[in-house]
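A.B. asks: Here it is, the structure in full.
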Amino acid sequence: MRILLVEDDPELGDGLTVGLRQAGFAVDWLRDGQAADQALHSEIFDFVVLDLGLPRLSGMEVLNRARSRGQTMPILILTARDATGDKVSGLDAGADDYLVKPIDLDELTARIRALTRRSAGRAAPLLLHGDLAIDPAAHVVTLSGQAVELSSREFSLLQLLLENAGRVLTRTQLEQSLYGWRDEPDSNALEVHIHHLRKKLGSDLIRTLRGVGYTIPK
């Protein structure tokens, strides 16, 4: 999952970027509201962690503009503003959650997973597909009850395909969700990850539609 982190505090932004990447997310970090609005206007993100007190453009304005464009990805406000009125205003403006700093990274990642499940219309914490089970919180994959070792990128790709089972995802959609700005993939990186997943989980799991993309059938 590709996350846009909008935070102007350099120490907090750096710590959150490192922590979220260690949790398996692709993270792009911006420090002002204007840059965030431009990025959201031109690129695809699966989730946004948004501060309110930003330079150049407020977090509330970034939120309002995103929702007015019809963008539906989950947006979590992360701010030092703890007044009830600020919380109500943020949630009523279209935010999906509101956290007050300082925060615990484990709680933040749990909320990201929960909001992502909800936005996909899924309540259960596990992703199941036949004998295959994936636990996003524990980063564990099992096949017929046996643990399967995957790299971080393989895990993210499998999770993305399972969350969209029955849909065909294009190369561009997959790469935009798997890689941030600093992670320029090799030209055949996606095919390599697909090959490894088929080798570990079965050749029939992921189907290729030539010239279109990849899918896991329901």
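The values are calculated or read from the model by the stated rules, or taken from the named source; none is laboratory data. This one's a predicted model, so the numbers in the text were calculated from it and none came from an experiment. Note: ideal-geometry Cβ built from the backbone for every residue, glycine included; neighbour counts use all protein chains shown. SASA here: full protein model, heavy atoms, side chains in, ligands and nucleic acids out. Shrake-Rupley method; radii C 1.70, N 1.55, O 1.52, S 1.80 Å.
A.B. asks: Out of (1) outside any strand (DSSP E or B); (2) within 18 Å of the chain's Cα centre (by Cα); (3) among the hydroxyl-bearing types (Ser, Thr, Tyr), the odd one out for TYR98 is which?
C.D. replies: (1)
A.B. asks: Looking at ARG67, ARG81 in this structure, which one is of a type in the set (Lys, Arg), surrounded by fewer than 23 Cβ atoms within 10 Å (Cβ to Cβ) and closer than 23 Å to ARG113 by Cα?
C.D. replies: Exactly one residue qualifies, and that residue is ARG67.
A.B. asks: Taking the stretch 85-110 as the region of interest, how many residues are open to solvent by 30 Å² or more (accessible area, probe 1.4 Å) and touching a Pro at 6+ places or on another chain (Cβ under 9 Å)?
C.D. replies: Residues flagged as open to solvent by 30 Å² or more (accessible area, probe 1.4 Å) and touching a Pro at 6+ places or on another chain (Cβ under 9 Å) within the stretch 85-110 amount to 1.
A.B. asks: Another question, if that's okay. Please determine, by comparing only the residues of the stretch 112-140 that are of a type in the set (Val, Ile, Thr) and touching a residue at least 40 places away in the same chain (Cβ under 8 Å), which one is surrounded by the most Cβ atoms within 10 Å (Cβ to Cβ). Walk me through it before giving the result.
C.D. replies: Let us first name the residues in the stretch 112-140 that are of a type in the set (Val, Ile, Thr), namely 112, 116, 134, 140.
Next, only the ones that are touching a residue at least 40 places away in the same chain (Cβ under 8 Å) stay: 112, 116.
Details: ILE112: 22, THR116: 19.
Per the criteria, the residue is ILE112.
A.B. asks: Within the stretch 44-59, is even one residue closer than 30 Å to LEU157 by Cβ and surrounded by fewer than 19 Cβ atoms within 10 Å (Cβ to Cβ)?
C.D. replies: yes
A.B. asks: Then there's this: Would you say THR72 is surrounded by fewer than 19 Cβ atoms within 10 Å (Cβ to Cβ) and among the hydroxyl-bearing types (Ser, Thr, Tyr)?
C.D. replies: Numbers: surrounded by fewer than 19 Cβ atoms within 10 Å (Cβ to Cβ): yes; among the hydroxyl-bearing types (Ser, Thr, Tyr): yes.
In short, yes.
A.B. asks: Okay, moving on. Any residue at all in the stretch 196-204 that's at pLDDT 90 or above, within 21 Å of the chain's Cα centre (by Cα) and open to solvent by less than 40 Å² (accessible area, probe 1.4 Å)?
C.D. replies: Looking through the stretch 196-204, at least one residue is at pLDDT 90 or above, within 21 Å of the chain's Cα centre (by Cα) and open to solvent by less than 40 Å² (accessible area, probe 1.4 Å).
A.B. asks: Would the stretch 147-162 turn up any residue that is within 21 Å of LEU40 (Cβ to Cβ), without any contact (Cβ under 8 Å) to a residue 60 or more places away in the chain and open to solvent by 50 Å² or more (accessible area, probe 1.4 Å)?
C.D. replies: So far as the stretch 147-162 goes, no, none of its residues is within 21 Å of LEU40 (Cβ to Cβ), without any contact (Cβ under 8 Å) to a residue 60 or more places away in the chain and open to solvent by 50 Å² or more (accessible area, probe 1.4 Å).
A.B. asks: Here is a follow-up. Checking the structure you have, find out if any residue of the stretch 176-187 is among the acidic types (Asp, Glu), open to solvent by 60 Å² or more (accessible area, probe 1.4 Å) and out of contact with any Leu (no Cβ under 8 Å at 6 or more places or on another chain).
C.D. replies: Yes, that holds for at least one residue.
A.B. asks: Tell me which residues, restricted to the stretch 4-26, are of a type outside the set (Phe, Trp, Tyr), outside any helix (DSSP H, G or I) and either at pLDDT below 95 or surrounded by fewer than 19 Cβ atoms within 10 Å (Cβ to Cβ) (or both).
C.D. replies: Of the stretch 4-26, the ones of a type outside the set (Phe, Trp, Tyr) are 4-24, 26.
Narrowing the set further to residues that are outside any helix (DSSP H, G or I) leaves 4-9, 23-24, 26.
Residues satisfying the conditions are ASP8, ASP9, ALA23, GLY24, ALA26.
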